[in-house]
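The values are calculated or read from the model by the stated rules, or taken from the named source; none is laboratory data. In this text, all values refer to a predicted model and were calculated from it rather than measured experimentally. Using ideal geometry, Cβ is built from the backbone for each residue, glycine included, and neighbour counts are taken over all protein chains shown.
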Amino acid sequence: MAINSVNSNKNPHIAVAADSETQDLNSNFLKESGFASKKICIIVFLRAPEIGKVKTRLAKSVKKDHALGLYKCFVADVLSMLKTLEQPIRLYYEPNGAKKQIKAWLGDGFDYLPQCGDDLGRRMAHAFEQSFIEGFDRAVLLGTDLPDLPGEIISEACQQLEKNEAVIGP
């Protein structure tokens with residue numbers, strides 16, 4: 001039996017299981033604890049839309065405000081595609097104090113959470129841990145650099161997570 005432990009200072013006793021028997025045990029534990037399983041969520045990593053802080057490599061060859069405009073379009077395209085799916089969308093943002101700015105930009109309908117960690121790997125691990133602690137069984141994580149990513153790819157990832165511990169794509 002393969003088990004991926006999710007260790008957290010907040011709750012070190014949550015585990016995400018690779019096999020159905022342990023997943024059933026985890027689901028029962030969550031239900032008995034008052035948490036209803038929410039199944040799969042979509043995690044999106046993004047940054048506050050600030051000139052010079054997004055699309056920085058592109059901004060070296062085009063005007064910075066054009067790079068910012070392109071970034072905003074990328075985010076809008078990704079979120080528009082994700083809204084056609086049934087899974088809850090959790091936006092993990094940077095910098096830490098930008099929630100009000102990002103929510104004013106993107107509006108309601110999302111969970112807004114700060115990215116936590118010293119590097120991208122730790123921020124991603126924290127986003128997964130937090131989602132599992134909050135009752136999701138599985139999560140798909142993506143950034144905002146694939147504006148033409150078809151929703152079918154995300155749906156396929158969600159389906160594959162029903163049978164596999166991890167999925168990497170596209």
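Values as computed for the structure displayed
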| quantity | calculated |
| --- | --- |
| Qualifying residue in segment 119-130 (condition: surrounded by fewer than 18 Cβ atoms within 10 Å (Cβ to Cβ), in contact with a helix residue (DSSP H, G or I) (Cβ under 9 Å, 6 or more places away or on another chain) and of a type outside the set (A, V, I, L, M)) | no |
| Scope segment 134-161; condition of a type in the set (A, V, I, L, M) and surrounded by 16 or more Cβ atoms within 10 Å (Cβ to Cβ); matching residues | Ala139, Val140, Leu141, Leu142, Leu149, Ile154, Ala157, Leu161 |
| In segment 56-112, the residues that are within 21 Å of Pro150 (Cα to Cα), out of contact with any Cys (no Cβ under 9 Å at 6 or more places or on another chain) and crowded, with 17+ Cβ neighbours inside 10 Å | Tyr71, Phe74, Val75, Val78, Leu79, Met81, Leu82, Leu91, Leu106, Phe110 |
| Filter pass, Ala104 being out of contact with any strand residue (DSSP E or B) (no Cβ under 8 Å at 6 or more places or on another chain), aliphatic (A, V, I, L, M) and within 24 Å of Leu70 (Cβ to Cβ) | yes |
| Evaluation of Pro88 against (1) modelled with pLDDT of 95 or more; (2) closer than 15 Å to Arg47 by Cα (one fails), failing number | (2) |
| Some residue of segment 33-55 being β-branched (Val, Ile, Thr), surrounded by fewer than 17 Cβ atoms within 10 Å (Cβ to Cβ) and modelled with pLDDT of 55 or more | yes |
| Pair list, Cβ under 7 Å, 6 or more apart: segment 145-170 residue at positive phi and modelled with pLDDT of 90 or more, other residue among the hydroxyl-bearing types (Ser, Thr, Tyr) and surrounded by fewer than 12 Cβ atoms within 10 Å (Cβ to Cβ) | none |
| Any hit, segment 112-123, residues being under 27 Å from Cys73 (Cα atoms), touching a Lys or Arg at 6+ places or on another chain (Cβ under 7 Å) and of a type in the set (Phe, Trp, Tyr) | yes |
